[in-house]
Structure formats: structure tokens, C-alpha cells
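Worksheet: the structure to be examined is printed underneath.
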Amino acid sequence: DVKVTQSSRYLVKRTGEKVFLECVQDMDHENMFWYRQDPGLGLRLIYFSYDVKMKEKGDIPEGYSVSREKKERFSLILESASTNQTSMYLCASSLARTGSRYGYTFGSGTRLTVV
Amino acid sequence: ELKVEQNPLFLSMQEGKNYTIYCNYSTTSDRLYWYRQDPGKSLESLFVLLSNGAVKQEGRLMASLDTKARLSTLHITAAVHDLSATYFCAVDTRNNNDMRFGAGTRLTVKP
């Protein structure tokens with residue numbers, strides 16, 4: 001089974017800190033995604049990547065950046081954390097460019113609190 | 001822009017009852033996905049619907065897709081407490097760059 005691992009389940013950071021959220025997948029998927037999940041809003045796409053060193057903005061990229069130096073790892077960076085970035089962050093990967101017949105495989109999520 | 005709407009957003013039902021969750025989307029797509037999320041957990045893939053008229057069933061859950069109506073349904077038969085979770089539908093965007101998710105339906109099944 002594909003495994004998508006997010007390094008932290010819970011994080012508490014201070015306003016203004018630089019925050020790194022790490023995601024690693026072990027099935028050689030080319031496509032990786034970062035979503036944030038907020039009550040009543042579903043999942044919103046922050047950034048995605050179809051290849052190493054490649055990134056594309058999703059719907060809400062402001063305040064975030066990403067890094068994909070290796071195929072298996074996709075990092076989300078909050079350059080200067082703010083309280084409105086308190087949320088659940090979900091990483092996903094997929095074999096196909098879209099979900100195709102397999103859908104996405106999600107990590108367990110990181111619940112980030114910015115104080 | 002593709003919009004995905006689910007309803008209801010909250011659903012409380014008695015064990016043994018039937019109910020349907022609806023997922024409407026705004027632009028052409030023939031790929032729709034249903035996910036389940038338990039509290040504090042990640043999303044688990046339930047169904048992948050890849051064509052008009054597709055129907056998938058797993059236990060007490062059945063999902064269907066009508067691409068002409070831009071509608072998918074998730075039908076729950078004889079609900080049990082273990083089905084309590086949040087259910088999301090998601091649709092591929094037309095330009096095939098990513099999936100758009102509905103807001104989720106929080107289902108609570110009471111004894």
C-alpha cells in the first residue's frame with residue numbers, strides 16, 4: 001500500500017516563526033499535493049507538484065511556499081506564520097496526474113496551531 | 001471555476017434508517033470520488049466513479065454518478081454507528097490539474 005507520512009501530527013508555533021511541514025511518500029508517485037482543511041470549507045488546495053523541482057499554485061497559496069527537491073518529499077513552508085494559518089494540513093500523493101481510478105492517498109495530517 | 005457542493009453538511013440519523021448525501025458540481029467532469037474521514041484521522045478513499053451511470057457499493061454504502069445532472073449520491077442503507085464520520089466528495093477539474101472537494105457531510109448515527 002502507498003504510504004504518505006507527515007512528520008508531525010501536532011505543532012504549536014508562534015506568530016512570525018518560519019514553519020516547515022514535511023511529507024514523504026514511498027511509492028514513487030510523481031504527483032504530490034498540500035491541502036488545508038477548515039470546518040465548513042472542506043479541503044482547499046495550497047500547492048501541488050508534478051515533478052521534482054516543479055510546483056504550481058493552488059487556490060490559496062498566499063503565505064505559503066513549497067519545496068520538492070526529491071521525488072518522495074514535498075515540503076510546505078509557512079514563511080512567517082500567522083494565526084489565520086491555524087488549521088489541519090493534509091498532504092496527498094497520486095500516481096496519475098489527477099486521481100484517475102485510484103484517487104489520492106492522504107497522509108495522517110498535521111494540526112498546526114499558531115499562537 | 002469548478003464548485004462542489006454537498007448537502008446536507010450535518011446529518012444525524014437513527015440506526016437502521018436510510019439516507020442519501022448529495023454532491024453537486026458545477027462544470028463537466030466524469031470522475032468523482034468519495035472519501036471518509038474519522039475524527040482526528042486522514043481521508044480514506046471509499047469510491048471512485050469514472051463514468052456516467054457508474055454505481056459502486058460497499059457494505060451499507062452505495063455511490064452513483066450522473067454526469068449529465070452533475071450529481072453524485074452516497075446512499076446509506078440501514079445505518080449503523082460505525083458509519084459515523086465525515087464524508088467528502090471530490091471532482092476532477094476539467095483541466096485535470098487537481099481535485100476539488102466538497103465541504104463534507106458530518107454523519108452521526110445514533111443508537
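The values are calculated or read from the model by the stated rules, or taken from the named source; none is laboratory data. These numbers come from a predicted model, not from an experiment. Ideal geometry is used to build each Cβ from the backbone, glycine not excepted, and the neighbour counts take in all protein chains shown. In case anyone asks, the SASA skips ligands and DNA or RNA and just uses the protein heavy atoms, side chains included. Shrake-Rupley method; radii C 1.70, N 1.55, O 1.52, S 1.80 Å.
Computed quantities for the displayed model
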| quantity | calculated |
| --- | --- |
| Flag for B:Ser42 being more than 14 Å from chain A (Cβ to nearest Cβ) and open to solvent by less than 50 Å² (accessible area, probe 1.4 Å) | no |
| Residue that is within 14 Å of chain A (Cβ to nearest Cβ) and either open to solvent by 30 Å² or more (accessible area, probe 1.4 Å) or assigned to a strand (DSSP E or B) (or both), where the choices are B:Asp30, B:Asp82 | B:Asp30 |
| Residues (surrounded by 16 or more Cβ atoms within 10 Å (Cβ to Cβ) and either more than 14 Å from the chain's Cα centre (by Cα) or within 11 Å of chain A (Cβ to nearest Cβ) (or both)) located in region B:98-111 | B:Asp98, B:Met99, B:Arg100, B:Phe101, B:Gly102, B:Ala103, B:Gly104, B:Thr105, B:Arg106, B:Val109 |
| Matching residues in region B:45-64 - criterion: being under 29 Å from A:Trp34 (Cβ atoms) and either away from every other protein chain (no Cβ under 14 Å) or assigned to a strand (DSSP E or B) (or both) | B:Ser45, B:Leu46, B:Phe47, B:Val48, B:Leu49, B:Lys56, B:Glu58, B:Leu61, B:Ala63 |
| Residue check, A:Thr110 among the β-branched types (Val, Ile, Thr), open to solvent by less than 10 Å² (accessible area, probe 1.4 Å) and out of contact with any helix residue (DSSP H, G or I) (no Cβ under 6 Å at 6 or more places or on another chain) | yes |
| Residue that is within 12 Å of another protein chain (Cβ to nearest Cβ), surrounded by 15 or more Cβ atoms within 10 Å (Cβ to Cβ) and either farther than 24 Å from A:Ile60 by Cα or at pLDDT below 95 (or both), where the choices are B:Thr73, B:Thr67, B:Thr93 | B:Thr93 |
| A:Leu95 modelled with pLDDT under 90, within 16 Å of A:Lys3 (Cα to Cα) and either in contact with a Leu (Cβ under 9 Å, 6 or more places away or on another chain) or open to solvent by 30 Å² or more (accessible area, probe 1.4 Å) (or both) | yes |
| Sole exception among (1) more than 12 Å from chain B (Cβ to nearest Cβ); (2) without any contact (Cβ under 8 Å) to a residue 40 or more places away in the chain; (3) more than 12 Å from the chain's Cα centre (by Cα) for A:Glu56, by number | (1) |
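Results for (1) exposed (fewer than 14 other Cβ atoms within 10 Å of the Cβ); (2) at pLDDT 95 or above, shown as yes or no for each residue.
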site	(1), (2)
A:Asp51	yes, no
A:Gly58	no, no
A:Ser67	no, yes
A:Phe74	no, yes
A:Ser80	yes, yes
A:Thr83	yes, yes
A:Thr86	no, yes
A:Leu90	no, yes
